[in-house]
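The values are calculated or read from the model by the stated rules, or taken from the named source; none is laboratory data. These numbers were taken from a predicted model, which means no experiment stands behind them. Because the Cβ atoms are built from the backbone with ideal geometry, glycine has one as well, and the counts that use them run over all protein chains shown. These area figures cover heavy atoms from the full protein model, side chains too; ligands, DNA and RNA do not enter into them. Shrake-Rupley method; radii C 1.70, N 1.55, O 1.52, S 1.80 Å.
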Amino acid sequence: MAKTFDKLFDVTGKTAIVTGGAGIQGPRVAAGLAAYGANVALVDVDEDGARVAAAQISDETGASTLAVECDVSKPDSVNAMIDRVVEVFGGVHILHNNAASKSKNVADFFAPFEDFKFETWREIMSVNVDGMFLVAQAVVRQMIAQKSGGSIIQTSSTYGLVGPEPRIYEGSKYLGETIRSPAAYSASKAAVVGLTRYLATHLAEHGIRVNTLVPGGIESGQNDTFVQSYSSRVPLGRMAHRDEMVGAVVFMASEASSYMTGQMVVVDGGWTVW
């Protein structure tokens, strides 16, 4: 048995779909899965960004990659994406259900609760919740048809578990806009946890495991004021780097987590420990 431990994280021959494949975190997770042997489909509404990321990953790892344009909020687009991945790779074994939206207008996303537009609420929910459901549903159909099990990892957030800390936002900016954590974000990320738990019990008989990645704040263009304020609230004293989510996803995707389903892996530097 000990001789097999070095292969626990090996996903050679498996095909992984990563939604949000052109975003902050998606390309790095895709690169990690590719490094451990997976064929990787990077899925994003930004096809050009997904193509660039896919080409870079293929160059770096030698893995087979595919970029697929997809609006996860639209059933037809999701179904076409699955068909394309299966056409190229023959099946789907891993899903990192990761796509999320800050809406088309960042100022609307950061608006105070009292002024938050319902249209913006719906826009965020259409990706963060509806998209999560639609992609999971399409992948599950394929996995059940394959009769080979599978692993689904869905991305939530610490703000899907706990309320936001308003004191860290004073003087904070992102892309020139004052940062606030909107209710739509918290509600959508809490929904991810509920969907994961439902799917874990619903799909267990098919050998499909479903778990949740819960990242803390990832440094990605916030101003120094925010970075310092956020870091002062974290036991480890800093924000996360996007590469620090990769190991957790590879763990949940691989046989290293073969007896784990319906669980949350919280990678937040200790934020939720206080």
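Per-structure values
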read-out: Inter-label distance, nm, simple model (7 Å from Cα along the C-beta direction), Asp224/Ser148; value: 5.2
read-out: The chain: projected area of the alpha-carbon convex hull, averaged over directions, in nm²; value: 14.7
read-out: Rounded percent of accessible protein surface that carbon and sulfur make up, the stretch 125-274, 1.4 Å probe; value: 54
read-out: Sulfur and carbon atoms: percent of accessible area, the stretch 30-124 [1.4 Å]; value: 47
read-out: P(r) weight above 14 Å for the stretch 43-120, C-alpha pairs, percent; value: 71
read-out: Crossing angle, helix 47-61 versus the chain [Cα axis fit, 0-90 degrees, rounded to tens]; value: 60
read-out: Per residue accessible area of the stretch 75-226, 1.4 Å probe, in Å²; value: 45
